[in-house]
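S.K.: Just dropping this structure here.
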Amino acid sequence: MTSERYPPREDLEVAFQAVRRAQVPQIPDVVLALRDELTRPEPRIKVAADLIAQDPALTGQLLKMINSPLFAARTKISSVQQAITLVGLKRLTNLVTADAISRLLGANDGAARIVWEASMEQARVTVAIAERVPEVSADEAYLFGMMQNVGSLIFADLLTDYGTVWALRNISAPDDLLRYERAALGVDHATVGFLLAGNWRLPEPVALAIYHHHSDPVSDLDEPEVRALIAISKLAHYLIALSLGLHEQPEILAYRDAAWQELSIRDDDWQTLCEQAMQGGWSH
């Protein structure tokens, strides 16, 4: 994949046709309204809290998520207003978005289920890394980790053999997976993911990181946050490969080395992550 900042128009047009064929469900209005509120010069906390409170199921899931070991709040959070005060509106909106996407896409079966479960593992490992580096918040890392392979969910719906190809190539030979996708549909999952991120109004750094998460190099991307998300993704990829005994592949070692150059991660933290990977212990 090239390291051009945005996908070429013709690639986006092919991605759009793929998304239309797969009939991707629309993200809930409450999420779009929250993201719109975030773009205001002075976002209104009460408006945001009221939006979330309109959906009791969303409120319950949000509080469950924010109090889970994955995000380890220092004090028990019992209301949306308290969550906004303690966590901040931007982070809370990212968590609401992640929960909505999880409910939207997590009910798949067959090949799509394989992709989704792998995406959730990627999200958990991404958070574990983000907690140990200063460049990215855990909520944004979680949203990105969950979304970076959303294009593969689309392909699982369109290609009968995609689940098999994904299982064989996603971890050990990601470049081969991209080539297969382009040959089969004229576009890869990173470009489709970028399109969906834009449609769902995800933060631009997340959308750009989705598009470039397999790119090398990414040094010409100006935003440190985008580069950090990509580096965290590559370290997560390496750690998952380590847990499966596939980490000695040259492509995977290159992922690890590229990420090391970008992130400020301590040796003892890295050792802990590697031990956790080898023990298969990512928090659910």
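The values are calculated or read from the model by the stated rules, or taken from the named source; none is laboratory data. It should be emphasised that the depicted structure is a prediction, and the values quoted were computed from it without experimental measurement. Reconstructed Cβ throughout: ideal geometry from the backbone, glycine too, with neighbour counts over all protein chains shown. For the accessible areas, the whole protein counts, side chains as well, though only heavy atoms, and no ligand, DNA or RNA atoms are used. Shrake-Rupley method; radii C 1.70, N 1.55, O 1.52, S 1.80 Å.
S.K.: Among I154, S137, F194, pick out the residue whose Cα is farthest towards the positive end of the charge dipole of region 135-196, where Lys and Arg carry +1 and Asp and Glu carry -1 on C-beta, about the Cα centre.
M.R.: Looking along the dipole axis, the top candidate is I154.
S.K.: Quick one, what does Rg over Rh come out to for region 242-284 if you take C-alpha atoms and the Kirkwood Rh? Working shown, then result.
M.R.: Numbers: Rg = 11.2 Å, Rh = 11.4 Å.
Checking Rg against Rh, the ratio lands at 0.99.
S.K.: Another question, then. Cβ neighbours within 10 Å, averaged per peptide: list 117-128, 45-56, 155-166 in order, most packed at the top.
M.R.: Details: 117-128: 21.4, 45-56: 15.5, 155-166: 18.0.
Highest mean packing first, the order is 117-128, 155-166, 45-56.
S.K.: Could you pull out the pairs from K64/K234; K64/K90; K46/K234 whose alpha carbons sit more than 27 Å apart here? List each step's numbers first, then the result.
M.R.: Numbers: K64/K234 29 Å; K64/K90 18 Å; K46/K234 38 Å.
Long pairs (Cα-Cα over 27 Å): K64/K234; K46/K234.
S.K.: Turning to a different aspect of this structure: I need the calculated FRET efficiency for the pair T160 and E4, taking r as the beta carbon distance and R₀ as 25 Å, to the nearest 0.05. Can you show the working numbers first?
M.R.: On the way: r = 32 Å, r/R0 = 1.26.
Here the calculated transfer efficiency is 0.20.
S.K.: For a quick check of your reading of the filter: which GluC sites (Glu not before Pro) in region 163-251 sit in a DSSP loop and have no more than 11 other Cβ atoms within 10 Å?
M.R.: Values: sites: E181, E225, E248, E251; in loops: E248.
Passing both the DSSP loop test and the Cβ count: E248.
S.K.: How would you classify region 140-268 from its alpha-carbon gyration tensor, with a ≥ b ≥ c the square roots of the eigenvalues: rounded for a/c under 1.5, else prolate if a/b is greater than b/c, otherwise oblate?
M.R.: Details: a/c = 1.90, a/b = 1.16, b/c = 1.63.
It comes out oblate by the Cα gyration axes.
S.K.: Can you run phi through the Karplus equation (6.51, -1.76, 1.60; θ = phi - 60°) for region 17-22 and list ³J(HN,Hα) in whole Hz, with x for Gly and Pro?
M.R.: So the Karplus estimates, Gly and Pro as x, are 5, 5, 5, 4, 5, 7 Hz.
S.K.: What value does the chain have for Rg/Rh, both radii from Cα atoms and Rh as Kirkwood defines it?
M.R.: Values: Rg = 18.2 Å, Rh = 19.2 Å.
That ratio is 0.95, to two decimals.
S.K.: Counting only the heavy atoms of the protein chains, how much of Y255 is accessible to a 1.4 Å probe, in Å² to the nearest 10?
M.R.: Here the residue's solvent-accessible area equals roughly 20 Å².
S.K.: If the only charges are +1 at each Lys and Arg Cβ and -1 at each Asp and Glu Cβ, what is the size of the charge dipole of the chain around the Cα centre, to the nearest 20 debye? List each step's numbers first, then the result.
M.R.: Numbers: 25 positive and 38 negative charges, 187 e Å.
Using only the charged Cβ atoms, the result is roughly 900 debye.
S.K.: Could you report region 30-105's accessible area per residue, 1.4 Å probe, as an integer in Å²? Could you put the intermediate results ahead of the total?
M.R.: Numbers: 3890 Å² over 76 residues.
That works out to 51 Å² for each residue.
S.K.: S172: accessible area at probe 1.4 Å, nearest 10 Å²?
M.R.: 30 Å²
S.K.: Quick one: ranking S233, S137 by accessible area, 1.4 Å probe, largest first, what do you get? All intermediate terms of the calculation are to be shown ahead of the outcome.
M.R.: On the way: S233 5, S137 30 Å².
Ranked from most to least accessible, the order is S137, S233.
S.K.: Quote the relative contact order of the chain in percent (integer), defining contacts as alpha-carbon pairs under 8 Å separated by 6+ residues. Don't skip to the answer; put the middle values down first.
M.R.: Values: 365 pairs, mean separation 62.4, N = 284.
Value for the chain: 22 percent.
S.K.: Kirkwood Rh, Cα Rg: Rg to Rh for region 126-172? If you can, show how the numbers build up before the last one.
M.R.: Values: Rg = 13.9 Å, Rh = 12.2 Å.
With Rg and the Kirkwood Rh in hand, the quotient comes to 1.14.
S.K.: Here's a follow-up. Using only Cα atoms, figure out Rg for region 1-135 and give it as a multiple of 2.2 N^0.38 Å. Display every interim value, and only then the final one.
M.R.: Numbers: Rg = 17.1 Å, N = 135, 2.2 N^0.38 = 14.2 Å.
Output field value: 1.21.
S.K.: Next question, about the same structure. From the residues Q23, P224, L242, which one has its Cα farthest along the dipole of the chain in the positive direction, the dipole being from +1 and -1 charges on Cβ of Lys/Arg and Asp/Glu about the Cα centre?
M.R.: Q23
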